[in-house]
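Worksheet: the structure to be examined is printed underneath.
The values are calculated or read from the model by the stated rules, or taken from the named source; none is laboratory data. Just so it is clear, the structure is predicted and the values come from calculations on it, not from any experiment. Backbone-built Cβ (ideal geometry, glycine too); neighbour counts: all protein chains shown.
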């Protein structure tokens with residue numbers, strides 16, 4: 001069987017790979033690109049452990065074919081940190097003990113980032129709604145929700161600081 005060549009962008013880097021037409025994006029990320037953050041929990045799109053951003057939209061990578069990534073932008077949990085500096089969500093998950101076994105954590109982080117990218121001041125119900133597609137058996141959800149609320153404040157402060165720097169640079 002002949003493979004399908006795919007050119008895409010993953011976490012800001014141009015990437016090329018060849019995949020079988022039946023391979024999921026999750027399998028491509030893990031097996032071809034070595035990005036093992038997204039996990040397979042169910043394989044049916046019910047648990048959210050494999051969540052990634054595809055062209056700015058939250059998707060379960062177990063439900064997307066690798067070949068569908070052609071020409072698209074993918075963001076995984078590996079792309080959240082800025083070098084050694086953790087994203088505020090990652091930092092707050094640690095501080096709030098919002099993780100235990102780690103299977104669901106990458107999916108929660110990506111889903112929370114998708115929310116905060118669009119709404120840096122979410123209510124608790126908006127956070128819970130945005131995370132509803134992610135399942136956790138270990139932590140319960142309260143620590144995760146508290147971590148996202150705390151990170152939202154950090155994200156708002158970062159946005160204000162960027163706006164001030166931009167305004168200063170224009171003057």
When (1) farther than 21 Å from residue 154 by Cβ; (2) part of a helix (DSSP H, G or I); (3) touching a helix residue (DSSP H, G or I) at 6+ places or on another chain (Cβ under 8 Å) are applied to residue 74, the one that fails is (2)
*asked:* Given the criteria more than 19 Å from residue 111 (Cβ to Cβ) and either touching a residue at least 60 places away in the same chain (Cβ under 8 Å) or touching a strand residue (DSSP E or B) at 6+ places or on another chain (Cβ under 7 Å) (or both), does residue 15 qualify?
replied: yes
Looking at this structure, is residue 110 crowded, with 21+ Cβ neighbours inside 10 Å, touching a helix residue (DSSP H, G or I) at 6+ places or on another chain (Cβ under 7 Å), more than 16 Å from residue 52 (Cβ to Cβ) and in contact (Cβ under 8 Å) with a residue 12 or more places away in the chain? no
Checked 52, 10 against criteria (buried (at least 18 other Cβ atoms within 10 Å of the Cβ), more than 22 Å from residue 131 (Cβ to Cβ) and under 16 Å from the mean Cα position of the chain (by Cα)); the one match is 10
Any chance region 66-73 includes a residue that's in the same structural domain as residue 39 (by TED's automatic domain parsing), surrounded by fewer than 19 Cβ atoms within 10 Å (Cβ to Cβ) and free of Cβ contacts under 8 Å to residues at least 60 places away in the same chain?
yes
Among (1) at pLDDT 95 or above; (2) under 21 Å from residue 35 (Cβ atoms), residue 123 falls short only on (2)
Taking region 113-126 and the residues there that are without any contact (Cβ under 8 Å) to a residue 24 or more places away in the chain and assigned to a helix (DSSP H, G or I), the one that is surrounded by the most Cβ atoms within 10 Å (Cβ to Cβ) would be 126
Quick check: anything in region 134-142 assigned to a helix (DSSP H, G or I) and over 16 Å from residue 49 (Cα atoms)? yes
ask   = Looking at residue 43, is it touching a helix residue (DSSP H, G or I) at 6+ places or on another chain (Cβ under 9 Å) and without any contact (Cβ under 8 Å) to a residue 24 or more places away in the chain?
value = yes
When restricted to 58, 94, 89, the only residue part of a helix (DSSP H, G or I) and under 11 Å from the mean Cα position of the chain (by Cα) is 89
